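K.L.:
So that we are looking at the same thing, I have put the structure below in structure tokens.
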Amino acid sequence: MKRLLSAAILSVATAIAAQAQDDPQTGGTLNLVVQPEPPTVMLGINRLGPVSYVGSKIYEGLVTFAPDMTPLPKLAKSWDISDDGLTYTFHLQEGVKWHDGEPFTSADVVYSFGEYLPEAFSRTRGVMDRVEEISAPDDRTVVFKLKEPYAAFMIIFDSTGGTIVPKHIYEGTDIFKNPANETPIGTGPFKFDEWSKGRYIHLVRNDEYWQDGRPYLDELYFHIIPDANSRAIAFEQGQVDVLRGGDVENIEVNRLGDMEGVDVTTDGWEFYDPLAIINVNTRHEPLDNPKVRQAISYALDREFMIDAVFGGFGKPAYGPMTERTPYYDPEVLTDYSFDMEKAKALMEESGVEAEGGVYATLDLMPLPYGETWQRHGEYIRQQLKEIGIETNVVSVDVAGWVERTTTGKFDITTNFTYLLGDPAMGVGQTYRSNNQLNRGTAANVDGYENPKVDDLFAEGARTLDPGKRQEIYSEAQKIISADAPVIWSHQMEYPTVYRSKIHDLITTAPGLNEGFADVWIEQ
Amino acid sequence: MAQVRFLLIRLVKAIMVLLAVTVLSFGLIRAAPGDPATVMAGEQGAVDPEFLERVRERYGLDRPIHEQLFTYVAGVAMLDFGDSYQHNRPVMELIAERLPATLLLTLTAFALALIGGLLMGVTAARHVGKWPDALITVAALLFFALPLFWVGLMAILLFSVQLGWLPAFGMSTIGVNMSPIERALDVAKHLILPASTLGLLYLATYTRMTRASVLEVMDLEFVRTARAKGLGERRIWRRHILKNALLPIITLASLQAGHLVGGAVLTETVFSWPGIGRLAFDALLQRDYNLLLATFIIASAFVVFFNLVADLIYSLADPRIEVAS
């Protein structure tokens, strides 16, 4: 009986403790790292990674996305889409105020999408070109009328693509030089407090946030620590609580993740969906030959590369999408599992003549984003040598790399693209023949031209039925995977290292670029 | 009168040097591949050619290069260094924000190095060929050869991580209310590791330079004459050896003055010190022409200015050097 009683008491105590752990607690400071130091935190005019990280706490979009890319309410509490897919009606939250106390209304949304964002951001302008009219029938309703159906339309409404900015501050001003950019005013759960240049950015709780009881945290510090080793030390010493992917080298992640009271997750990248690729300039010989490109793809031992170079974070990719991308179809992809014999045989079949066992000597330009990518480049170089392709490694800085990549002045370069939650948004841009040079690093810089693929992407973008879209994108994946206009390296996984006492840090597809209204710290 | 004329001539020369620096740096940075528009394009992933054109137009990068140069030089002459492309703010504001932190770090390091270097150099020279000389020479060589970032990291591991004596990064403790005295002590505590790390490199240079210079002067005839005259050893050292040995050190110090405002990228990076070096480095990566050029020009102006000061100090250190000549 006594044993039974103590067991009962123990189970009640455990239940209470578990309950206590599940109930969000209010208060506390979250110490984060932002690197490199952003030039601004005004999310409307700049969408660099660090700007999005900080700015997404201050500014909001109409919606955000669940990990499976289902839209979730943000500044819009609900929305209706007409059956013909041409009219999107958003119903806005009640009682939302800007950080300066002014009320947030539909006029802010119309201004943001009608004037501000098309001026500031290419991607949003591209999507807004498809819109015939934006109107606000009343203070709480916004209607977008499209010229033709666009299946990925909702994607533009997250906080980074569809940042809602205050009309009363920006209308009629030079949005890039408006002094208010220094003291950003948003609707988000945190307000801008102070930016000590070179040291930290301090955000404080927005007490008048529209969602009752949120945010839970009192304040956020984004520490500016330029050196990766110093960032690791700061985490070890408890000065920062969260490290984003890329803050420290992946090898360090495994070490830090083994510390007590520390967790690691690769969640929260479903929206950006990064895919590492090797661009091959199909305008240059012998890369214009599909057999040569296929040979390169077979020559890569992706499993080994992910383990040895990327610290085990990542999954092999054999086609233009990752397993996170909607409409991904692994069945139709060519299986480019490592097969050196096949790679060599394809080089022989290609019809390219070899001189002294060398088929070609090409320039290889690794992505200048730190050590890991240099090693990635070295691995590729070594594998290419095995199949008779010699390479000269070209070292450039980021600006030089962008210049050469986007203007087609390269043979082979490593790169990564964000697939952005829908094939009509982030996938097609890398393969469509009308999107080649001077259109950014995620464009079709390889010069791939296939009318069938163009048609499929155009059709996929305007088709609304998910079943039909699946057929279209399966066919596109099959053709592209076989043609290998790009060599897919791997589905990238960015590890977030954080202290276990932090709860609900990553719950949505944009991950750490979410507003942090729900994040709480176990005291 | 001769001094005024000398100063005027030097001033004209200084302006010409600065003009040359401005034109050269302008040309150099424009020669690097990529411009601010391409960097922004890279950051956005997807852009259209129209966007690139508008960015270039916004910053005047679409105009002929000689026109851009002329506008820039005319601006600099009026002390207007333009706006930063990335920050959309006047570059002078950005530099002014970082200057105090940089000066605090570099001046402390510089002072430590100069005083330490003179003491160690003289000590080595006085005991030339004996163990203190060997010890100091080897230490100086080691300090000179060790990469700064490595020394910095080792110092952090030892003094912050292992011993817990000193903070590992930053310029002060964040998020704590302190009295001005407490704040000053807090900054001083944060300053110790970065200033000593940066100082080590300069220390090595001054030690070696002082040792060599003192050894050279010690053998000169006027020192022998002073001894023959029966002057006291202290007086010989102070009046004859040290004073004459100082000249090359003044030259070196004036040349290194540019580093004072140019910042110290590696030290600032390792210790998260909020200085100009890091700002300039990021500006280079982002092709933020105006910001980068302004840091070049201001650092050059410091070098030119301190060289002028050095010329004046020469005449004090060695009366045989006349400013007018």
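The values are calculated or read from the model by the stated rules, or taken from the named source; none is laboratory data. Small disclaimer: the values here were computed from a predicted structure and weren't measured. Because the Cβ atoms are built from the backbone with ideal geometry, glycine has one as well, and the counts that use them run over all protein chains shown.
K.L.:
Among the residues of segment A:425-441, is any surrounded by fewer than 22 Cβ atoms within 10 Å (Cβ to Cβ), more than 7 Å from every other protein chain (Cβ to nearest Cβ), over 20 Å from A:GLU475 (Cα atoms) and among the charged types (D, E, K, R)?
P.N.:
Among the residues of segment A:425-441, not one is surrounded by fewer than 22 Cβ atoms within 10 Å (Cβ to Cβ), more than 7 Å from every other protein chain (Cβ to nearest Cβ), over 20 Å from A:GLU475 (Cα atoms) and among the charged types (D, E, K, R), which makes the answer no.
K.L.:
Shifting gears a bit: For segment B:46-62, state whether one or more residues are buried (at least 18 other Cβ atoms within 10 Å of the Cβ), facing chain A (nearest Cβ under 10 Å), closer than 24 Å to B:VAL265 by Cβ and more than 22 Å from the chain's Cα centre (by Cα).
P.N.:
Scanning segment B:46-62 turns up no residue that is buried (at least 18 other Cβ atoms within 10 Å of the Cβ), facing chain A (nearest Cβ under 10 Å), closer than 24 Å to B:VAL265 by Cβ and more than 22 Å from the chain's Cα centre (by Cα).
Every residue, every condition in (1) surrounded by 16 or more Cβ atoms within 10 Å (Cβ to Cβ); (2) more than 14 Å from chain B (Cβ to nearest Cβ); (3) of a type in the set (A, V, I, L, M); (4) not in a helix (DSSP H, G or I), yes or no:
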| residue | (1), (2), (3), (4) |
| --- | --- |
| A:ASP335 | no, yes, no, yes |
| A:PHE338 | yes, yes, no, yes |
| A:LYS344 | yes, yes, no, no |
| A:GLU348 | no, yes, no, no |
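K.L.:
Counting just the residues of segment B:287-301 that are more than 16 Å from B:ALA96 (Cα to Cα) and part of a helix (DSSP H, G or I), which one comes out nearest to the other protein chains (Cβ to nearest Cβ)?
P.N.:
Checked segment B:287-301; the qualifying residue nearest to the other protein chains (Cβ to nearest Cβ) is B:TYR289.
K.L.:
Quick check, is A:VAL427 under 15 Å from the mean Cα position of the chain (by Cα), part of a helix (DSSP H, G or I) and more than 30 Å from A:GLY186 (Cβ to Cβ)?
P.N.:
Yes: the conditions hold for A:VAL427.
K.L.:
Collect the residues in segment A:176-199 that are in a loop (DSSP other than H, G, I, E, B) and more than 10 Å from every other protein chain (Cβ to nearest Cβ), keeping them in residue-number order.
P.N.:
A:THR183, A:PRO184, A:ILE185, A:GLY186, A:THR187, A:GLY188, A:PRO189
K.L.:
Quick check: anything in segment B:21-31 over 20 Å from the mean Cα position of the chain (by Cα), outside any loop (DSSP other than H, G, I, E, B), farther than 27 Å from B:GLU268 by Cα and within 14 Å of another protein chain (Cβ to nearest Cβ)?
P.N.:
There is at least one residue in segment B:21-31 that is over 20 Å from the mean Cα position of the chain (by Cα), outside any loop (DSSP other than H, G, I, E, B), farther than 27 Å from B:GLU268 by Cα and within 14 Å of another protein chain (Cβ to nearest Cβ).
K.L.:
Could you list all residues from segment A:386-400 that are part of a strand (DSSP E or B) and among the hydrophobic types (A, V, I, L, M, F, W, C)?
P.N.:
Pass one, segment A:386-400, residues part of a strand (DSSP E or B): A:389-393.
Once the filter is applied, which keeps residues that are part of a strand (DSSP E or B) and among the hydrophobic types (A, V, I, L, M, F, W, C), segment A:386-400 yields A:ILE389, A:VAL393.
K.L.:
Next up: Within segment B:122-135, is there a residue that is within 23 Å of the chain's Cα centre (by Cα) and in the same structural domain as B:LEU293 (by TED's automatic domain parsing)?
P.N.:
Taking segment B:122-135 first, the residues within 23 Å of the chain's Cα centre (by Cα) are none.
There is no residue in segment B:122-135 that is within 23 Å of the chain's Cα centre (by Cα) and in the same structural domain as B:LEU293 (by TED's automatic domain parsing).
K.L.:
Quick one: which residue in B:LEU107, B:LEU103 is surrounded by fewer than 16 Cβ atoms within 10 Å (Cβ to Cβ) and in contact (Cβ under 8 Å) with a residue 12 or more places away in the chain?
P.N.:
After ruling out the rest, the residue left standing is B:LEU107.
K.L.:
Might you let me know whether segment A:160-172 holds any residue that is free of Cβ contacts under 8 Å to residues at least 12 places away in the same chain and either assigned to a strand (DSSP E or B) or within 14 Å of chain B (Cβ to nearest Cβ) (or both)?
P.N.:
no
K.L.:
Something else now. I need a count of the residues in segment B:232-277 that are free of Cβ contacts under 8 Å to residues at least 60 places away in the same chain and either closer than 30 Å to A:TRP195 by Cα or not assigned by TED's automatic domain parsing to the domain that holds B:LEU119 (or both).
P.N.:
4
K.L.:
In addition: So how many residues does segment A:236-257 have that are under 19 Å from B:MET171 (Cα atoms) and touching a helix residue (DSSP H, G or I) at 6+ places or on another chain (Cβ under 6 Å)?
P.N.:
Residues meeting the conditions: 1.
K.L.:
Can you confirm whether segment A:466-485 contains a residue that is among the charged types (D, E, K, R), surrounded by 24 or more Cβ atoms within 10 Å (Cβ to Cβ), in contact with a Ser or Thr (Cβ under 6 Å, 6 or more places away or on another chain) and assigned by TED's automatic domain parsing to the domain that holds A:PHE410?
P.N.:
no
K.L.:
Restricting segment A:214-232 to residues that are more than 24 Å from A:HIS503 (Cβ to Cβ) and assigned to a helix (DSSP H, G or I), which is farthest from the other protein chains (Cβ to nearest Cβ)?
P.N.:
A:ALA228
K.L.:
Restricting the search to segment A:401-424, which residues are in contact with a Pro (Cβ under 8 Å, 6 or more places away or on another chain) and either assigned to a loop (DSSP other than H, G, I, E, B) or more than 9 Å from chain B (Cβ to nearest Cβ) (or both)?
P.N.:
A:THR413, A:THR414, A:PHE416, A:LEU419, A:GLY421, A:ASP422, A:PRO423
K.L.:
Hey, another quick one. Of all the helices (runs of 4 or more DSSP H) wholly in segment B:213-286, which have at least 2 residues that are at pLDDT 80 or above and within 14 Å of chain A (Cβ to nearest Cβ)?
P.N.:
Hits in segment B:213-286: B:265-270, B:276-285.
K.L.:
Scan the helices (runs of 4 or more DSSP H) fully inside segment A:39-151 and keep the ones with 1 or more residues being over 30 Å from B:PHE281 (Cβ atoms).
P.N.:
Hits in segment A:39-151: A:106-111, A:117-120, A:122-128.
K.L.:
Could you please give the count of residues in segment B:56-84 that are among the basic types (Lys, Arg) and under 23 Å from B:ILE95 (Cα atoms)?
P.N.:
1
K.L.:
With the condition being of a type in the set (Asp, Glu), I'd like the helices (runs of 4 or more DSSP H) fully within segment B:81-193 carrying at least 2 qualifying residues.
P.N.:
Filter on segment B:81-193 gives B:91-126.
K.L.:
Can you pull out the residues in segment B:166-204 that are of a type in the set (Ser, Thr, Tyr) and either within 18 Å of B:VAL265 (Cβ to Cβ) or within 14 Å of chain A (Cβ to nearest Cβ) (or both)? Steps first, please.
P.N.:
So the first thing to find is which residues in segment B:166-204 are of a type in the set (Ser, Thr, Tyr), and the list is B:172-173, B:179, B:196-197, B:202.
B:SER172, B:THR173, B:SER196, B:THR197, B:TYR202 - these are the residues of segment B:166-204 that are of a type in the set (Ser, Thr, Tyr) and either within 18 Å of B:VAL265 (Cβ to Cβ) or within 14 Å of chain A (Cβ to nearest Cβ) (or both).
Residue by residue, here is whether (1) within 30 Å of A:ALA360 (Cβ to Cβ); (2) touching an Asp or Glu at 6+ places or on another chain (Cβ under 8 Å); (3) in a loop (DSSP other than H, G, I, E, B) holds:
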{"residue": "A:ILE251", "(1), (2), (3)": "no, no, no"}
{"residue": "A:LEU256", "(1), (2), (3)": "no, yes, no"}
{"residue": "A:GLU260", "(1), (2), (3)": "no, no, yes"}
{"residue": "A:PHE271", "(1), (2), (3)": "no, yes, yes"}
{"residue": "A:ASP288", "(1), (2), (3)": "yes, no, yes"}
{"residue": "A:ILE306", "(1), (2), (3)": "yes, no, no"}
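K.L.:
Can you tell me how many residues within segment B:97-127 are facing chain A (nearest Cβ under 10 Å) and either in contact with a Pro (Cβ under 8 Å, 6 or more places away or on another chain) or not charged (D, E, K, R) (or both)? Please lay out each step first, then the result.
P.N.:
Taking segment B:97-127 and keeping what is facing chain A (nearest Cβ under 10 Å), we get B:97-98, B:101-102.
Then keep just the ones that are either in contact with a Pro (Cβ under 8 Å, 6 or more places away or on another chain) or not charged (D, E, K, R) (or both); that gives B:98, B:101-102.
Count: 3.
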